[in-house]
Amino acid sequence: SSDLDGHVVCPSCHVQAKRLELRERTQEIVLLLGEDEVDRLPLAERSELVVGRGRDIGRYDVREVLNEADANRISRDHLKLSNKGGRILVEELGSKNGTEIVRADGSTASLQSDIPQILAKSEHLRLAEGSLNIRLSGKKRPRGTYEPDLTTPPFLRLEGN
């Protein structure tokens with residue numbers, strides 16, 4: 001709604017809205033089963049996303065893309081992705097089956113719990129020995145459609161671009 005001067009205001013508290021703008025440093029995260037892409041998620045600057053087995057705001061539930069056996073290898077709170085100034089930080093959250101970072105040269109290293117690390121565009125993550133892989137898309141304009149919806153079963157949601 002708007003006030004008498006035409007400014008956008010909150011309909012419940014009537015406080016004037018702050019200036020809205022696109023977050024130019026949004027990054028797109030690609031989720032893969034092996035080499036096959038199964039989902040894309042935009043991650044706006046100054047936002048975080050926990051990847052694991054659980055549905056809630058700020059979470060991505062792997063059970064929507066993995067079979068039951070592979071999903072059960074992913075911890076409830078497995079990995080946190082954060083966008084800080086357009087750089088994606090990855091943080092292992094003490095999962096049972098761990099997360100590896102795979103470098104451009106093919107070498108791997110296990111992520112240490114609670115130590116954020118920058119994910120380069122040439123690297124990807126391997127969760128729970130390859131049950132799920134995550135990489136950056138490299139696209140300037142993310143097209144992912146992640147919207148946590150706790151009431152509608154996943155197979156009934158409509159996806160848009």
Report summary line: Row for segment 69-122, column shape: gyration tensor on C-alpha, a ≥ b ≥ c, rounded if a/c < 1.5 i.e. under 1.5, prolate if a/b over b/c, else oblate; value oblate
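If you average the sequence gap of Cα pairs under 8 Å that are 6 or more apart and divide by the length of segment 43-146, what percent do you get for the contact order? Let's see the in-between values first.
Details: 208 pairs, mean separation 21.5, N = 104.
Rounded, it is 21 percent for segment 43-146.
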Query raised in the report: How do the peptides 103-110, 37-44 rank, highest first, by the average count of neighbouring beta carbon atoms within 10 Å per residue?
Result: 37-44, 103-110
Requested in this report: Over segment 22-80, with every protein chain in place, what whole percent of the accessible area is carbon and sulfur at 1.4 Å, could you tell me?
Outcome: 40
Query raised in the report: Once the Cα gyration tensor of segment 20-78 is diagonalised, what are the square roots of 5 times its eigenvalues, in whole Å and ordered largest first, as equivalent ellipsoid semi-axes?
Result: 24, 14, 8
**Report entry** Glu48 paired with Arg25, simple spin-label distance in nm, labels 7 Å along Cα-to-beta-carbon
**Finding:** 1.7
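The values are calculated or read from the model by the stated rules, or taken from the named source; none is laboratory data. Computed from a predicted structure; not experimentally measured. Neighbour counts run over all protein chains shown; Cβ positions are idealised from the backbone, glycine included. With ligands, DNA and RNA removed, areas are computed over all heavy atoms of the protein, side chains included. Shrake-Rupley method; radii C 1.70, N 1.55, O 1.52, S 1.80 Å.
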